[in-house]
Amino acid sequence: MGDEQRAELLDGPAGEDAAARPPSAFLEVRDLKIHFPTDDGLVKSVDGLSFTLERGRTLGIVGESGSGKSVTSLGILGLHNRRNARVSGEIWLDGKELVGASPDDVRRLRGREMAMIFQDPLSAMHPFYTVGHQIIEAYRVHNDVSKKVARKHAIDMLGRVGIPKPDRRVDDYPHQFSGGMRQRAMIAMALSCDPELLIADEPTTALDVTVQAQILDLIRDLQQEFNSAIIMITHDLGVVAELSDDVLVMYAGRCVEYTSVDDAFHRPLHPYTWGLLGSMPRLDRARSERLNPIKGSPPSLINVPQGCAFNPRCAYAALNEGRSESERPELVELEPGHSAACHLPLEKRREIWDAEIRPTL
Ligand SMILES: Nc1ncnc2c1ncn2[C@@H]1O[C@H](COP(=O)(O)OP(=O)(O)O)[C@@H](O)[C@H]1O
Ligand code: SF4
Ligand SMILES: [Mg+2]
């Protein structure tokens, strides 16, 4: 038996103790793990993630490509095939626990209580059906209304997301829409059932800057109108700054910093967050000025480095007497509502931020 399986046996299924405490938050994720056994080894795509989210609020989940963001969002929606994904932990949505729920129960919640906007609308839309047909069908799965009423609702939603002449465009096929319009149509589809939780996974990554800004504005307006909770998944801290209340920074399947958007930008306490801030494109920077990307690349999630997963790329790893390479730092709440996982003494981190990092941003 491998260490992994042994650990799983010891951990057992989602803890009964925790389940006995009903969460007060609208969404509460506790110690979520999503692992994939593969021929090359166990891929720990999400390895112990916890966070909460209230209605009307937005949580930004940020991290480089491959850090486990999409696996997290699919996990919350219950979209992983249980045959090849090992999912553990708890996901409480409005008082219901989803990890232990039956696939049928989770399916019923999808669309009605939670919906997702993907980076690539074409992956979410069927090419052979009109945009309107797809919104109508999505709406009718959860609402017992006639086709006529659903069609009117679809036109209404397309208009709401800014599609011009929605009564005509409703009969277009996805390929007849531009990228930005398709993204709007997918938002219309996701919102057509008035979900309380909306997960947007890199919703603007494929779009040019102007359209990107319009889509973010649209999501913000719709959130105010519908009071939905939003998880905004992105590799771009700029998107987080635009839209989020809180930020969860992910590295190698784990949370390295979790705090308010204000603290993430003005008092970040993790070297990886510093790196993300340093590599953020800024409008007030000349185009010729080079960005300062984080050196190296994220680890494979099969062979996550010993100790702190960020240590091979971290400029401060040598300051911890070997602990960065040997001991995994736990996520610790350092100030109310501000957690980070790093061995550096807190005072040292504040000092580095003030003296070395902030002046360069
Ligand atoms: N079904 C799967 N089987 C094995 N590995 C997977 C599977 N889905 C995702 N992964 C791996 O999990 C890691 C995280 O992926 P993902 O969540 O898509 O990252 P991102 O942060 O870019 O969205 C990647 O290394 C990816 O290869
Ligand atoms: S624990 Fe060490 S390697 Fe990890 S972020 Fe902190 S200083 Fe860097
Ligand atoms: Mg992704």
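The values are calculated or read from the model by the stated rules, or taken from the named source; none is laboratory data. Fair warning: this is a prediction, and the values are worked out from it, not measured in the lab. Glycine also receives a Cβ, built like all others from the backbone with ideal geometry; neighbour counts cover every protein chain displayed. The protein model used for the area step is the full one, side chains on, heavy atoms only, and it has no ligands, DNA or RNA in it. Shrake-Rupley method; radii C 1.70, N 1.55, O 1.52, S 1.80 Å.
Structural remarks
- For region 304-357: span of alpha carbons on each principal axis (Å, largest first): 28, 24, 16
- Of P329, P195, P203, the one that fluctuates the most in a GNM where the chain has Cα springs shorter than 10 Å: P329
- Normalised convex hull volume, the chain, alpha-carbon set, Å³ per residue: 157
- Shape index of region 34-110: Rg/Rh, with Rg the Cα radius of gyration and Rh the Kirkwood radius from the inverse mean 1/r over Cα pairs, equals 0.97.
- Paramagnetic label reach from N143 (point 7 Å along Cα→Cβ; backbone nitrogen cut-off under 11 Å): within region 184-218, residues 191-195.
- Across the alpha-carbon set of region 38-188, the Rg to Rh ratio works out to 1.01, Rh being the Kirkwood radius.
- Summarising the label geometry, the points placed 7 Å from Cα in the beta-carbon direction at L334 and S65 lie 3.0 nm from one another.
- Helices in the chain, meaning DSSP H runs of at least 4 residues, each add -39500 (n - 2.57). Divided by all residues, the mean residue ellipticity at 222 nm is -10000 deg cm²/dmol.
- Relative contact order for region 123-199: 40 percent, from Cα pairs under 8 Å spaced at least 6 residues apart, divided by residue count.
- Helix 131-142 axis, angle to the chain major axis (alpha carbon atoms, nearest 10°): 80
- Comparing mean-square fluctuations of I294, I230, I135 from a GNM of the chain with C-alpha springs under 10 Å, the top value falls on I294.
- Here the translational diffusion coefficient of region 201-258 follows from Stokes-Einstein with Rh set to the Kirkwood radius across Cα pairs; for 25 °C and 0.890 mPa s it amounts to 199 µm²/s.
- Using the alpha-carbon positions of region 151-255, Rg (one decimal) and Dmax (whole number) come out as 14.5, 46 Å.
- Between H343, H142, H35, the residue with the greatest mean-square fluctuation in the GNM of the chain (Cα pairs under 10 Å linked by springs) is H142.
- Sulfur and carbon atoms: percent of accessible area, region 127-175 [1.4 Å]: 53
- Heavy-atom accessible surface of the chain, averaged per residue, reaches 49 Å², computed with a 1.4 Å probe.
- Value of D in µm² per second that Stokes-Einstein yields for region 23-66, Kirkwood Rh from Cα pairs, at 37 °C (0.692 mPa s): 263
- Over the chain, Cα pairs under 8 Å with separation of 6+ residues give a relative contact order of 18 percent.
- Modelled label reach - R86, point 7 Å along Cα→Cβ, region 36-67 residues with backbone N closer than 18 Å: 36-49
- Within a straight-line Cα-Cα reach of under 14 Å, K96 can be paired with the following aspartates and glutamates, leaving aside sequence neighbours fewer than 8 residues apart in one chain: E28, D104, D105, E113, E196.
- Straightening the chain between L122 and S24 buys 31.6 nm, computed as 0.36 nm per residue apart minus the Cα-Cα spacing.
- For region 219-361: Kirkwood Rh in Å [reciprocal of mean 1/r, alpha carbons]: 16.3
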